[in-house]
Amino acid sequence: MSLKLSVIIPCYNEKNTIAEIVRRVRAVELASEIIVVDDGSTDGTREVLAEIEPGDDLKIFCHDHNQGKGAAVRTGFQAASGDVLLIQDADLEYDPRDYPVLLRPIEEGISPVVYGSRFLGGPRKAMFFWNMVANRTLTFVTNILYNSILSDMETCYKVFRAEVVRGIPLRSRRFDFEPEVTAKVLKRGYRIYEVPISYNGREWSEGKKISWRDGVIALWTLFRYRFTE
């Protein structure tokens, strides 16, 4: 691609998957730089990161203590030098082979912001029912408050022209990053373009971290940023 792509991978206690996700990102051969931000892992993730084959494409940053996904993404944004920034979770739920479809609307000038939706007909592993209800509820509230028609606000796959997010003050430190960045993008008049992606959701026993409390915080975040900056 002609645009330089920075892939930001926030991770916390992902020793079983972090090396594999870096391998998969490298395998699609689209990222100019891969920025891994370890958010204070205590399970040996940092030791695994130290063993990954080094290269000019890989940059690793480590937080001294756990601060949350939002804080890790913000560190990645600050370190990124690409024209396009793509968020990639470290847990193998999302497949980097979807990068071409995610990047195409930006490359073609259709939109500077693209979300990969799990609800537009792509192949997916069945989600937990209540997780799906929470996701749909938060997306519905987003659409009401911000006059949009998104299908998957909580998706990991969020892709931005760099100038979009560099002009937005982001404050959230945990999973409330997702509603905050969506709210602020929409308030600035950007129309988010959605594309279908595949999804392989993992089980709670495999380390899934989000909880119902995060859903409540996300709901509050949506209302908060509708009326404040």
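The values are calculated or read from the model by the stated rules, or taken from the named source; none is laboratory data. No experiment lies behind these values; they were computed from the predicted model shown. Counting neighbours? That spans all protein chains shown, and the Cβs are built from the backbone with ideal geometry, glycine included.
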Q. Can you name the residue in segment 95-127 that is assigned to a loop (DSSP other than H, G, I, E, B) and touching a Lys or Arg at 6+ places or on another chain (Cβ under 9 Å) and, of all such residues, is farthest from Val216 (Cα to Cα)?
A. Ile110
Q.
As an exercise: evaluate Gly55 against (1) without any contact (Cβ under 8 Å) to a residue 40 or more places away in the chain; (2) crowded, with 16+ Cβ neighbours inside 10 Å; (3) small (Gly, Ala, Ser) and give the number of the one condition it does not meet.
A. (2)
Q | Residue within segment 83-104 that is at pLDDT 95 or above, among the small types (Gly, Ala, Ser) and buried (at least 20 other Cβ atoms within 10 Å of the Cβ) present | A | yes
Q.
Looking at Leu170 and the list (1) among the aliphatic types (A, V, I, L, M); (2) out of contact with any Ser or Thr (no Cβ under 9 Å at 6 or more places or on another chain); (3) modelled with pLDDT of 95 or more, which single condition is not satisfied?
A. (3)
Q: Go through the residues of segment 27-40 one by one and say whether even a single one is modelled with pLDDT of 95 or more, within 24 Å of Pro100 (Cβ to Cβ), out of contact with any strand residue (DSSP E or B) (no Cβ under 6 Å at 6 or more places or on another chain) and in a helix (DSSP H, G or I).
A: yes
Q: Name every residue in segment 20-41 that is small (Gly, Ala, Ser) and crowded, with 17+ Cβ neighbours inside 10 Å, in order of residue number.
A: Ala31, Ser32, Gly40, Ser41
Q: Could you tell me which of the residues Gly121, Gly116 is surrounded by fewer than 20 Cβ atoms within 10 Å (Cβ to Cβ) and not hydrophobic (A, V, I, L, M, F, W, C)?
A: Gly121
